[in-house]
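A.B. asks: Pasting a structure below so you can have a look.
The values are calculated or read from the model by the stated rules, or taken from the named source; none is laboratory data. If you're wondering where the values come from, they're calculated on a predicted model, not measured in any experiment. Cβ coordinates were reconstructed from backbone atoms using ideal geometry, including for glycine residues, and neighbour counts include every protein chain displayed. Heads up: the accessible areas ignore ligands, DNA and RNA and are worked out on the full protein's heavy atoms, side chains in. Shrake-Rupley method; radii C 1.70, N 1.55, O 1.52, S 1.80 Å.
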Amino acid sequence: MKFIQYYLDCLSHASYLIGDETTGRAVVVDPQRDVAEYLADAKEFGYTIERVIETHFHADFLSGHLELAKATGARIVYSSVAETEFDSIGVADGERYSLGEVTLEFRHTPGHTPESMSIVVYEHADDEVPYGVLTGDALFIGDVGRPDLLASIGYTREELAEKLYDSLHTKLMTLPDATRVYPAHGAGSACGKNLSTDLWSTMGEQKETNYALRAPDKATFMDLVTEGQVPAPGYFVYDAVLNRKDRQLLDETKMPAAMTYEQVRQAIDGGAVLVDGRSPEEFAQGHLRDAINIGLEGRYAEFAGSVLPSDVDIVLFTEPGHELEGKNRLARIGFDRVIGYVDQPFEVMLTRPDDVQMASRLTAKAFDQRAAELPDLQIVDVRNPGEVAAGTIPNAIPIPVGQLPARLGELDPAKPTVVYCAGGYRSSVAASLLRRHGFDDVSDVLGGFGAWDEARQSA
């Protein structure tokens, strides 16, 4: 058996290729939308990808099942509970699929979503101990899938939490302790609250260490897994719905269009959003007016999906050579309306100094001085609730960055404003968003809450 795990750091997303070396037949599970890596590996190892298997309708990324099916002729597989607008195969609970020696067993594990399923992998059909289990978002390393993502479209979090408890205890925890556990996500994903940086574990280890699996009863489990979840990014419902649909395919090799300054400004005036993918430090030194700073070196697609609507045109400003990367990373969450990029971006800024702005970034000391001088200073904490609960700056208004677009009305654009996060990435996103919405005096804190707290303790 050939078993390959692919891990996409910027979305904390794991996908898998499983091949039978005796037959050359293979499947891919939970693929990302840009599928070139799977195709390259299948070609290298001489495999035919005959099935694309989805553990559920993902909310945090737009899956590549359609792209991979188009490229390979593979059939798309979901749980028999799932309903898709495209051609797919539904598999029953307990159904098996043979690749030759390698055998897959599908177990329905609803809870994170109603149609969730896990895939038990056997190197040989008659093995007593499976090689592993691909748990999708039902079971993570150190956590379980959050049950509240579908609360807005017909299911309560309590209903799904109860299903999840039953799935874990009757379908997954019954597997032998030596069974390897391979989830669809790792640390940083908003699909859970306590995910490990480890990319795999064993069922035995999870029974001993996973807080959710150690809950003494169903009621305690439901309380534990529904409490303290981070706010779901705004694009999650959009992607969960889009993953069911027959939609446009991604051409990951196609460059977006090069745009002149005049074309860019006309597009922005017409409602397009300019996304500057440079680091917060570079953005602060100079950027085009109205740009929103979402750095490519961070969780680019996730934060773009958190602060941008899904139905607007997007123009990219990147370091030359990163335009295709920016387009494809947005496409991973289904944000396909990238109409182009700023051609020769630094020459544009040099020749249009009247349209270039700098961003104010304050050291912790400078922030304290500003707060002392301005009693009406508006301080905004854009971290998640769990981070805020562990400590915050006095008088700060807590608004997670992903909720900022919907909660702008809670802030006064006429007041001088300082934004902070944990380290400076999210605060640059938030501060640039506020400037675009008419906040004239906005700064963010260099080093975020960590730098402020360290300066306070050493004072």
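A.B. asks: Please give the charge dipole size of region 360-458, origin at the Cα centre, charges +1 on K and R Cβ atoms and -1 on D and E Cβ atoms. Round to the nearest 20 debye.
C.D. replies: Taking the Cα centre of region 360-458 as origin, the dipole is about 240 debye.
A.B. asks: Taking the dipole about the Cα centre of the chain, with the C-beta of Lys and Arg at +1 and of Asp and Glu at -1, give me whichever of V237, V120, S443 is farthest to the positive side.
C.D. replies: S443
A.B. asks: Counting only other residues whose beta carbon sits under 14 Å from that of D376, what net charge do I get with K and R as +1, D and E as -1?
C.D. replies: -1
A.B. asks: While we're on this one: Taking a probe of 1.4 angstrom, what is the accessible area of D376 in Å², to the nearest 10?
C.D. replies: 70 Å²
A.B. asks: Out of these labelled values of Cα extents along the principal axes in Å, (1) 99, 53, 41; (2) 73, 51, 39; (3) 112, 53, 38, which was calculated from the coordinates shown here?
C.D. replies: Checked against the structure: label (2).
A.B. asks: Would you mind working out the magnitude of the charge dipole of the chain relative to its Cα centre, with +1 at each Lys and Arg C-beta and -1 at each Asp and Glu C-beta, to the nearest 20 Debye?
C.D. replies: Details: 41 positive and 72 negative charges, 103 e Å.
Here the size comes out at about 500 debye.
A.B. asks: Between region 387-441 and region 100-120, what is the C-alpha centre distance in whole Å?
C.D. replies: 41 Å
A.B. asks: Let me ask another. Probe radius 1.4 Å, ligands and nucleic acids ignored: give me the carbon and sulfur share of the accessible area of the chain as a rounded percent. Please list the in-between numbers first.
C.D. replies: Numbers: 8980 of 18430 Å².
Here it works out to 49 percent.
A.B. asks: Still on this model: At a 1.4 Å probe radius, which order do W200, W452 fall into by accessible area, largest first? Intermediate results must be reported in sequence, preceding the final value.
C.D. replies: Details: W200 130, W452 25 Å².
The most accessible residue leads, giving W200, W452.
A.B. asks: Rounded to the nearest 500 deg cm²/dmol, what is the calculated helix-only ellipticity per residue at 222 nm for the chain, with -39500 (n - 2.57) per DSSP H run of length n ≥ 4?
C.D. replies: Values: 15 runs with 129 residues, N = 459.
Dividing the helical sum by the residues of the chain leaves -8000 deg cm²/dmol.
A.B. asks: Express the relative contact order of the chain as a whole percentage, based on alpha carbon pairs under 8 Å and six or more residues apart in sequence.
C.D. replies: Values: 993 pairs, mean separation 53.4, N = 459.
Relative CO of the chain lands at 12 percent.
A.B. asks: What percent does the relative contact order of region 30-97 come to when contacts are Cα pairs within less than 8 Å and at least six residues apart?
C.D. replies: Working: 88 pairs, mean separation 20.4, N = 68.
That works out to 30 percent.
A.B. asks: Now for a different question. In what order, largest first, do L446, L66 sit by accessible area if the probe radius is 1.4 Å?
C.D. replies: Numbers: L446 70, L66 20 Å².
From most exposed to least exposed: L446, L66.
A.B. asks: Calculate the length of the line joining the C-alpha centroid of region 128-181 to that of region 5-73, in whole Å.
C.D. replies: Cα centroid to Cα centroid, the span is 22 Å.
A.B. asks: Something else about it: Using a 10 angstrom Cβ neighbour count of at most 13 plus a DSSP loop assignment to flag exposed GluC sites (Glu not before Pro), which longest range of the chain is free of such sites?
C.D. replies: 298-459
A.B. asks: Which residue, V102, V225, T179, has the largest displacement toward the positive end of the dipole of region 101-230 when charges sit on each Cβ (Lys, Arg +1; Asp, Glu -1)?
C.D. replies: V225
A.B. asks: For region 360-458, just say rounded, prolate or oblate: build the C-alpha gyration tensor, square-root its eigenvalues into a ≥ b ≥ c, call rounded for a/c under 1.5, and beyond that prolate if a/b exceeds b/c, oblate if not.
C.D. replies: oblate
A.B. asks: Another question, then. Quote the accessible area belonging to D440 in square angstrom, nearest 10, computed with a 1.4 Å probe and with ligands, DNA and RNA left uncounted.
C.D. replies: 150 Å²
A.B. asks: Please list, or write none, the lysines whose alpha carbon is within less than 27 Å of the alpha carbon of K245, excluding same-chain residues fewer than 8 places away.
C.D. replies: K70, K163, K254, K327
A.B. asks: If you put +1 on each Lys and Arg Cβ and -1 on each Asp and Glu Cβ, how big is the dipole of region 221-279 around its Cα centre, in Debye rounded to 20? Intermediate values should be presented prior to the final figure.
C.D. replies: Numbers: 6 positive and 9 negative charges, 39 e Å.
It works out to roughly 180 debye.
A.B. asks: Residues with beta-carbon under 13 Å from that of P31, excluding P31: net charge, scoring Lys, Arg +1 and Asp, Glu -1? Don't skip to the answer; put the middle values down first.
C.D. replies: Working: positive: R33, R51, K70, R332; negative: D30, D34, E37, D41, E54, E67, E252.
After counting each charged neighbour, the total is -3.
A.B. asks: Still on this structure: In Å², and per residue, what accessible area does region 315-424 have when probed at 1.4 Å with the other protein chains present?
C.D. replies: Numbers: 5090 Å² over 110 residues.
Value for region 315-424: 46 Å² per residue.
A.B. asks: Find out how many positive minus negative residues lie around P216, taking Lys and Arg as positive, Asp and Glu as negative, among other residues whose Cβ is under 14 Å from that of P216. Spell out each step's value before the answer.
C.D. replies: Values: positive: K207, R214, K218; negative: D217, D223.
Around P216, the charge tally is +1.
A.B. asks: Accessible area, 1.4 Å probe, largest first: how do M203, M255 sort?
C.D. replies: From most exposed to least exposed: M255, M203.
A.B. asks: Let me ask another. Which ³J(HN,Hα) values, rounded to whole Hz and listed in residue order, are derived for region 307-323 from phi using the Karplus coefficients 6.51, -1.76 and 1.60 in 6.51 cos²θ - 1.76 cosθ + 1.60 with θ = phi - 60°, glycine and proline given as x?
C.D. replies: Once rounded to whole Hz, the list reads 10, 10, x, 7, 10, 10, 6, 10, 10, 9, 10, 9, 4, x, x, 10, 5.
A.B. asks: With every protein chain left in place, what is the accessible area of K218 in Å² (1.4 Å probe, nearest 10)?
C.D. replies: 60 Å²
A.B. asks: Can you tell which of Q378, I397, G423 lies farthest toward the positive end of the dipole of the chain, using +1 and -1 charges on the Cβ of basic and acidic side chains (Lys, Arg; Asp, Glu)?
C.D. replies: It is Q378.
A.B. asks: What FRET efficiency would be calculated for the residue pair A390, K245, taking the C-beta separation as r and a Förster radius of 30 Å, to the nearest 0.05?
C.D. replies: 0.15
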